[in-house]
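Below you'll find the structure, written out as structure tokens, and then a few comments.
The values are calculated or read from the model by the stated rules, or taken from the named source; none is laboratory data. Predicted, not measured: the structure shown is a model, and the values here were computed from it. No Cβ is skipped: glycine too gets one built from the backbone with ideal geometry, and neighbour counts run over all protein chains shown.
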Ligand code: SF4
Ligand code: SF4
Ligand code: SF4
Ligand code: SF4
């Protein structure tokens, strides 16, 4: 009885809907554990792109390996292990980079390149159409930077560039 | 000239400060529209309300099948449906068993408790208070998957079974302690069946699930009986339930067939009223119990407070601090985690504080939950020493999972159904 009462009292303070897990891009350092620690065979964490921050660089630090032999779409030149980034010429010298989420495994290699040397327009987020919404996110239990936190289900992303969120 | 070593860091900070505009935004000549950003949502509030309503409906149906219709077949069918929906379709995360943990965290740490989670936690308990453990009978997917494989259940001898039934309260207390201190959700982390529902997860989890199912062939529902922490709560509510499933609504002829049919050993034999005990023996017995009870309570508190130290390692901060200490002592090479930690800008002091705080909370909380476990065990001891009269075979409300297997075994019940069929014709 007491259990029921206390639970109800606690629930009255809380939100109606379940909370979900999300990555704070300001805290994440792209350690790579997101790709390997999710309970799903292919992680629910994906790279997302804030085009408003992107420099559309010809030499993208997220797209090209630092020691790329040539600046073309050859697999040996690409940072992404699965070739999930699509590079499209827009106009000289600009290129557009889009993420194919069906291929992305959330390893964060591109994000690291872009954050360390570029504008930081690529970042990692839990995609809620893929995530199964574990009560305790398996990645959050290993994330060394405590970048994971619970967010309301009605607004479940921590967008880069949005007011108050990571820059 | 300043050495490069001293310039580089300041250069790096200058560089980092401008991270978002190292490269100017382009001025496109042609009209260019960047691709639209997509932010897939996670269901709707209505969807969540429907989930809760489905759970309530399933519970209602289970109660009707177990207490009203008295149909084992109905219960079995409903349990398969619930296994398919709540287990394999929803992949196990609409789970009252795991919901213990956010509730504990909200109660002990003041975190937010979503209404949907509270409802999922409370509904089966409320039904248990009215009708017994009908959740276990037909709704819980963890129970249903074990029920399906219980082909050749063997009876466990008493000396093995009774100590094993002490495990679930311990597990419950650990789960409360670890969730209540924000250390870990152990019920989820060590859930043996959810990896099977999702067909993914770590290999250990999947193997544990398969082993438990294999064991479940000869030992019916091992997780339910000897591990499940939620089953403890359900049992307590069911113990005082308003109504409960009966083996037959008519008078028991003490044939013992039902007790043999119950794969969970949850049927209590008839028991004559206790013979009056000579006063001195009774006093001595009472004295022994009264001495034992506080000792059990203290031992529980002490044991749990001690357990907090190794358990703290379930939290990543503790592991990280240990790893960093090893590295500083030159006994380990940097790991992915410690490398990320150093790049994150979090200070080792912050880590030390978080770990020390958690240790303290685990120690303090350990005393409380440990003593609570002690009280539960002491209550069992007291309960075992009072003999209550029972006229016929009865389901043990604490452990009966309301599966309805005993209906078919009872000859009185067969006769009743035949009579009923005859009058209906
Ligand atoms: S585990 Fe944490 S730090 Fe590592 S990539 Fe994921 S969010 Fe970033
Ligand atoms: S490099 Fe990793 S995070 Fe980036 S797009 Fe490829 S798979 Fe995704
Ligand atoms: S909540 Fe579960 S499914 Fe979602 S990202 Fe975390 S581990 Fe993966
Ligand atoms: S005892 Fe636990 S696991 Fe078994 S059916 Fe009941 S709630 Fe589910």
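Among the helices (runs of 4 or more DSSP H) confined wholly to the range B:335-425, which include 2 or more residues that are touching a residue at least 24 places away in the same chain (Cβ under 8 Å) and touching a helix residue (DSSP H, G or I) at 6+ places or on another chain (Cβ under 8 Å)? Can you show your working first?
Working: elements: B:336-344, B:348-385, B:405-409, B:411-424.
By residue number, B:348-385, B:405-409, B:411-424.
Condition (residue is within 20 Å of the chain's Cα centre (by Cα), more than 12 Å from every other protein chain (Cβ to nearest Cβ), over 18 Å from residue B:217 (Cα atoms) and not in a helix (DSSP H, G or I)) applied to the range B:109-121: is it met by at least one residue?
no
Can you say whether residue A:83 is more than 10 Å from every other protein chain (Cβ to nearest Cβ) and either closer than 30 Å to residue B:107 by Cα or surrounded by fewer than 22 Cβ atoms within 10 Å (Cβ to Cβ) (or both), as far as the supplied structure shows? Let's see the steps before the verdict.
Numbers: more than 10 Å from every other protein chain (Cβ to nearest Cβ): yes; either closer than 30 Å to residue B:107 by Cα or surrounded by fewer than 22 Cβ atoms within 10 Å (Cβ to Cβ) (or both): yes.
So residue A:83 fits the description; yes.
Test of understanding: among B:100, B:75, B:126, B:120, which residue is assigned by TED's automatic domain parsing to the domain that holds residue B:186, modelled with pLDDT of 90 or more and closer than 18 Å to residue B:226 by Cα?
Values: B:75 fails: closer than 18 Å to residue B:226 by Cα; B:126 fails: closer than 18 Å to residue B:226 by Cα; B:120 fails: closer than 18 Å to residue B:226 by Cα.
On inspection, the qualifying residue turns out to be B:100.
Would it be correct to say that residue B:98 is over 30 Å from residue A:160 (Cα atoms), facing chain A (nearest Cβ under 7 Å) and either surrounded by fewer than 16 Cβ atoms within 10 Å (Cβ to Cβ) or out of contact with any strand residue (DSSP E or B) (no Cβ under 8 Å at 6 or more places or on another chain) (or both)? Can you show your working first?
Details: over 30 Å from residue A:160 (Cα atoms): yes; facing chain A (nearest Cβ under 7 Å): yes; either surrounded by fewer than 16 Cβ atoms within 10 Å (Cβ to Cβ) or out of contact with any strand residue (DSSP E or B) (no Cβ under 8 Å at 6 or more places or on another chain) (or both): yes.
Criteria met by residue B:98.
What's the number of the condition residue B:268 fails, among (1) surrounded by fewer than 17 Cβ atoms within 10 Å (Cβ to Cβ); (2) within 36 Å of the chain's Cα centre (by Cα)?
For residue B:268, the exception is condition (1).
Could you grab me the full set of residues in the range A:58-78 that are more than 12 Å from ligand 2 (Cβ to nearest atom) and touching a strand residue (DSSP E or B) at 6+ places or on another chain (Cβ under 7 Å)?
A:58, A:71, A:73, A:77
Quick one: residue A:19 ticks every box in (1) under 28 Å from residue B:111 (Cα atoms); (2) within 14 Å of ligand 2 (Cβ to nearest atom); (3) in contact with a strand residue (DSSP E or B) (Cβ under 7 Å, 6 or more places away or on another chain) bar one, so which box is it?
Exception for residue A:19: condition (2).
Look at residue A:113 and say whether it is more than 9 Å from chain B (Cβ to nearest Cβ), more than 18 Å from residue B:36 (Cα to Cα), within 16 Å of ligand 3 (Cβ to nearest atom) and buried (at least 18 other Cβ atoms within 10 Å of the Cβ).
Working: more than 9 Å from chain B (Cβ to nearest Cβ): yes; more than 18 Å from residue B:36 (Cα to Cα): yes; within 16 Å of ligand 3 (Cβ to nearest atom): no; buried (at least 18 other Cβ atoms within 10 Å of the Cβ): yes.
So residue A:113 fails the test.
If you check every pair at least six apart or on different chains, which have Cβ atoms under 8 Å apart with a residue in the range A:23-34 that is under 10 Å from residue A:45 (Cβ atoms) first and a residue that is part of a helix (DSSP H, G or I) and more than 12 Å from ligand 2 (Cβ to nearest atom) second?
Close Cβ pairs (under 8 Å, with a partner that is part of a helix (DSSP H, G or I) and more than 12 Å from ligand 2 (Cβ to nearest atom)) amount to A:33/B:336; A:33/B:337; A:33/B:340.
Could you tell me which residue of the range A:4-37 is farthest from the chain's Cα centre (by Cα), considering only residues that are crowded, with 16+ Cβ neighbours inside 10 Å and assigned to a helix (DSSP H, G or I)?
A:7
Residues that are within 16 Å of ligand 1 (Cβ to nearest atom), at least 1 per element: which strands (runs of 3 or more DSSP E) completely within the range A:54-167 meet that? So that I can check it myself, show each step before the final result.
Numbers: elements: A:85-91, A:94-99, A:122-126, A:148-152.
Counting at least 1 such residues, we get A:94-99, A:122-126, A:148-152.
Need a quick list: helices (runs of 4 or more DSSP H) entirely within the range B:140-242 having at least 3 residues that are more than 23 Å from residue B:306 (Cα to Cα), away from every other protein chain (no Cβ under 12 Å) and more than 16 Å from ligand 1 (Cβ to nearest atom). Talk me through it step by step, then tell me what you get.
Values: elements: B:141-149, B:158-164, B:167-180, B:186-189, B:194-198, B:203-218, B:222-226, B:229-239.
Passing ranges, in order: B:141-149, B:158-164, B:203-218, B:222-226, B:229-239.
Please go through the range A:44-53 and give me each residue that is closer than 23 Å to residue A:116 by Cα and either assigned to a loop (DSSP other than H, G, I, E, B) or within 9 Å of chain B (Cβ to nearest Cβ) (or both), ordered by number. Don't jump to the end; show me each part of the working.
Filtering the range A:44-53 for residues closer than 23 Å to residue A:116 by Cα gives A:45-53.
Once the filter is applied, which keeps residues that are closer than 23 Å to residue A:116 by Cα and either assigned to a loop (DSSP other than H, G, I, E, B) or within 9 Å of chain B (Cβ to nearest Cβ) (or both), the range A:44-53 yields A:48, A:49, A:50, A:51, A:52, A:53.
Could you tell me whether residue B:314 is away from ligand 2 (no atom under 16 Å from the Cβ), more than 13 Å from residue A:145 (Cα to Cα) and facing chain A (nearest Cβ under 9 Å)?
On the way: away from ligand 2 (no atom under 16 Å from the Cβ): yes; more than 13 Å from residue A:145 (Cα to Cα): yes; facing chain A (nearest Cβ under 9 Å): yes.
Criteria met by residue B:314.
Is it the case, given these coordinates, that residue B:93 is in a loop (DSSP other than H, G, I, E, B) and more than 30 Å from residue A:97 (Cβ to Cβ)? Please lay out each step first, then the result.
Working: in a loop (DSSP other than H, G, I, E, B): yes; more than 30 Å from residue A:97 (Cβ to Cβ): yes.
Yes.
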